Amino acid sequence: MKNLLGRLLLVALIGAGLAFVSAPVVTFFGIRSAAQANDVAGLVRLIDFPAVRASLRPQLAGRPEIMTPAPSIFDDPIGAVRRRFQQATAPAAPDPDSYLTPDAINALMAGQGRYAATQTVPIEASDAWPRLRYWGFQTTRLSVADAGGSETLFTFQRRAPFEWKLVHIGLPDGATPVAVPRPTDPIASVPERPAAR
């Protein structure tokens, strides 16, 4: 009896360890599944949307100076004023929310990278597996590559022993394509025939 209890305890510990280590990958597939099913409530549970928006803004702007802290007015007054003028006159960056729709999240998880927001039709379910780039007790990074090898990086943070949330999306290098507005109703876009007289 004591031997059986020892084996059961060992199996439970191994199972808990495997669940702890694989939880970020399970979260990745949970996000992909929720995006494919248009399950907004499921996406809200698995994604920290404010953190992901903050991670996308500087990447979409294409301006590396946004990623660096602004100079202090006391240390570099001319640089601080110059930075304010540059920010005021810079063209508006693409909206990060265009990458946070269920269709765009599904495309990101399939490796579409910067083109995820320009998808005009939902992509088919992807069977691409993420590659582990870093695993830690608090942070894990997974990546998905497109056909050309450009990788989209997903960073997950642990919020509870077995709960992880997506907090950062790293888009591949390059320019952000202009999103084409998606048709809301394909039938409504067809012009009507004039009535016969």
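The values are calculated or read from the model by the stated rules, or taken from the named source; none is laboratory data. Bear in mind that the values here come from a model prediction, so they are computed numbers and not experimental data. Cβ sites come from the backbone with ideal geometry, for glycine too, and all protein chains shown count toward neighbours. Surface areas here come from the heavy atoms of the whole protein model, side chains and all, with no ligands, DNA or RNA. Shrake-Rupley method; radii C 1.70, N 1.55, O 1.52, S 1.80 Å.
Quick notes
- When peptides 73-84, 140-151 are ranked by their average number of other Cβ atoms within 10 Å per residue, the highest-first order is 140-151, 73-84.
- For the peptides 31-40, 163-172, the ranking by mean Cβ contacts within 10 Å, running from highest to lowest, is 163-172, 31-40.
- Highest to lowest packing among 98-105, 110-117, scored as the average C-beta count within 10 Å: 110-117, 98-105
- With all protein chains modelled, accessible area of LEU43 [1.4 Å, Å²]: 10
- Around PRO77: net Lys/Arg minus Asp/Glu count, Cβ-Cβ under 13 Å: +1
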